[in-house]
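K.L.:
Dumping the structure here so I can ask a few things about it.
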Amino acid sequence: MALVAVPQFVYDDALEPLRAAGHELRVRTDDHPLPHGELVEFVAGADALLTILTDRIDEAVFAAAPSLRVVANVAAGFDNIDVDAATAAGVLVCNTPGVLAESTADLAFALLLGAARRVVEGDRALRGGEYTHWVLDQPQIGLDVHGKTLGLFGCGEIGQAVARRAAHGFAMDVCYHTRSKLDPEVERRIGARWVEFDELVEQSDFVSLHAPLTDATRHRFDADVFARMRPTSVLVNTARGPLVDESALADALADGTIAGAGIDVYENEPAVHPRLLEQHARVVLLPHIGSATTATRRRMADVAVANVVDTLAGEQPSHAVNRPAVQSN
Ligand code: GLV
Ligand code: GLV
């Protein structure tokens with residue numbers, strides 16, 4: 001029997017396989033993160049952790065739980081976890097790929113369409129009583145999406161799901177930039193071609209971010225990059241906030257360097273740069289809800305729980321991000 005610590009709310013019935021396997025659960029049902037010191041105390045002595053994005057898992061956690069074998073994040077991203085420290089401690093880090101790409105791609109498209117066609121502004125105007133009669137030059141005149149060029153920065157499973165929607169549903173010209181090119185067969189299937197970063201930012205009407213947060217991608221979209229984007233272009237970010245210099249984005253929107261933005265993730269969540277909040281025209285801001293559908297959030301919990309159950313049973317979990325490193329320790 002092992003001790004599994006769950007420091008924040010996870011659907012109780014999703015935890016059932018852990019109980020069925022005979023594990024002891026230490027569960028916090030609050031849906032806000034513990035201060036880090038209290039988190040460290042909460043996980044002391046655990047064999048497994050089921051974590052979410054706002055749990056910061058670092059060396060102090062590994063020191064407090066010397067028998068820890070796995071940290072299963074209920075998320076695709078895992079930048080809240082110090083993976084090097086986990087590997088050094090012999091702890092597997094698991095995520096939940098495979099179940100949230102389509103929902104997140106749907107939301108990226110909602111942001112793209114919402115910003116381009118000024119959906120949220122229109123709703124606000126109507127509710128505010130501003131819609132008195134139809135005129136040819138309405139205040140919510142926007143940008144076309146169909147047939148335009150979409151540039152994807154990063155093209156893993158979420159980027160590929162966005163590419164398919166864009167190429168097949170909206171007849172968009174889709175290009176992507178990644179460190180290594182995708183297989184030509186995959187490119188054909190999703191309808192996207194590889195381009196240099198410069199071409200991506202200079203030629204795209206819409207730029208959508210789908211890269212993980214790493215030292216190499218942090219602030220990749222800064223004032224210099226915005227200056228090279230088209231003045232009619234729209235930035236979409238459903239990946240991680242720190243890919244973008246948020247203050248530079250606020251400036252670029254305020255002075256018309258770019259035309260709009262659809263943003264779901266922020267540099268210092270839950271804070272949003274105050275000058276970004278002042279921008280309304282063609283700007284849609286959402287509270288990190290890329291994967292937030294009933295079915296997808298539940299599947300994420302199920303996958304994370306399965307990662308814990310498998311590891312504690314001595315099997316390979318399906319989604320360990322540092323398995324070879326841990327095994328060669
Ligand atoms: C959400 O941001 C995730 O990484 O799953
Ligand atoms: C708009 O409703 C149109 O008919 O063009």
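The values are calculated or read from the model by the stated rules, or taken from the named source; none is laboratory data. Every value quoted in this text rests on a predicted model; they were computed, and no experiment measured them. Here Cβ is always computed from backbone atoms with ideal geometry, including for glycine, and neighbour counts include all displayed protein chains.
K.L.:
Check off (1) hydrophobic (A, V, I, L, M, F, W, C); (2) out of contact with any strand residue (DSSP E or B) (no Cβ under 6 Å at 6 or more places or on another chain); (3) over 30 Å from E38 (Cα atoms); (4) in contact (Cβ under 8 Å) with a residue 60 or more places away in the chain for A75 and give me the number that stays unchecked.
P.N.:
If we test A75 against (1) hydrophobic (A, V, I, L, M, F, W, C); (2) out of contact with any strand residue (DSSP E or B) (no Cβ under 6 Å at 6 or more places or on another chain); (3) over 30 Å from E38 (Cα atoms); (4) in contact (Cβ under 8 Å) with a residue 60 or more places away in the chain, just (3) comes out false.
K.L.:
Tell me the strands (runs of 3 or more DSSP E) entirely within segment 1-110 that contain at least 3 residues that are surrounded by 19 or more Cβ atoms within 10 Å (Cβ to Cβ).
P.N.:
3-6, 48-51, 70-73, 92-94
K.L.:
Provide a single number: the residues in segment 141-187 that are in a loop (DSSP other than H, G, I, E, B) and surrounded by fewer than 17 Cβ atoms within 10 Å (Cβ to Cβ).
P.N.:
So the count comes out to 10.
Per-residue answers, yes or no, for (1) within 16 Å of ligand 1 (Cβ to nearest atom); (2) more than 22 Å from N73 (Cα to Cα); (3) in contact with a Leu (Cβ under 9 Å, 6 or more places away or on another chain):
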position	(1), (2), (3)
P274	no, yes, no
L277	no, yes, yes
V283	no, yes, yes
H288	yes, no, yes
T294	yes, no, no
A304	yes, no, yes
N307	yes, no, yes
T311	no, no, yes
E315	no, no, no
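K.L.:
Right, here's the next one. For the structure I just gave you, tell me whether L286 is in contact (Cβ under 8 Å) with a residue 60 or more places away in the chain, in contact with an Asp or Glu (Cβ under 6 Å, 6 or more places away or on another chain) and surrounded by 17 or more Cβ atoms within 10 Å (Cβ to Cβ).
P.N.:
Yes, satisfied.
K.L.:
Just to be sure I understand the filter: pairs with C-beta atoms under 8 Å, separated by 6 or more residues or on different chains, first member in segment 151-162 and on the phi < 0 side of the Ramachandran plot, second member charged (D, E, K, R) and surrounded by fewer than 24 Cβ atoms within 10 Å (Cβ to Cβ). Which pairs pass?
P.N.:
Within 8 Å, the pairs are F153/R220; A161/E102.
K.L.:
Also, quick follow-up: Restricting attention to segment 229-262, which residues are within 16 Å of ligand 1 (Cβ to nearest atom) and farther than 21 Å from D215 by Cα?
P.N.:
G262
K.L.:
Kindly evaluate L113 against the criterion of being within 15 Å of ligand 1 (Cβ to nearest atom) and either under 22 Å from H288 (Cα atoms) or more than 21 Å from the chain's Cα centre (by Cα) (or both).
P.N.:
Criteria not met by L113.
K.L.:
Evaluate the following for T87: is it of a type in the set (V, I, T) and within 16 Å of ligand 1 (Cβ to nearest atom)?
P.N.:
no
K.L.:
Which fully enclosed helices (runs of 4 or more DSSP H) of segment 219-329 have 1 or more residues being in contact with a Lys or Arg (Cβ under 9 Å, 6 or more places away or on another chain)?
P.N.:
So the answer is 246-254, 294-312.
K.L.:
How many of the residues in segment 188-217 are under 28 Å from I81 (Cβ atoms), buried (at least 22 other Cβ atoms within 10 Å of the Cβ) and of a type outside the set (A, V, I, L, M, F, W, C)?
P.N.:
2
K.L.:
Give segment 205-218 a look and list any residue that's in a loop (DSSP other than H, G, I, E, B), closer than 20 Å to D106 by Cα and touching a strand residue (DSSP E or B) at 6+ places or on another chain (Cβ under 9 Å), or say none.
P.N.:
Those that are in a loop (DSSP other than H, G, I, E, B), closer than 20 Å to D106 by Cα and touching a strand residue (DSSP E or B) at 6+ places or on another chain (Cβ under 9 Å): D205, H210, A211.
K.L.:
Across segment 33-52, which residue is nearest to ligand 1 (Cβ to nearest atom) among those that are of a type in the set (A, V, I, L, M, F, W, C) and in contact (Cβ under 8 Å) with a residue 40 or more places away in the chain?
P.N.:
Among them, the one singled out is I52.
K.L.:
Which is over 14 Å from the mean Cα position of the chain (by Cα) and either at pLDDT 95 or above or within 16 Å of N307 (Cα to Cα) (or both), of A101, A86, A108, A75?
P.N.:
Exactly one residue qualifies, and that residue is A86.
K.L.:
I'd like to check something: does segment 299-317 contain any residue that is in contact with a helix residue (DSSP H, G or I) (Cβ under 6 Å, 6 or more places away or on another chain) and among the polar types (S, T, N, Q)?
P.N.:
No, the conditions are met nowhere in segment 299-317.
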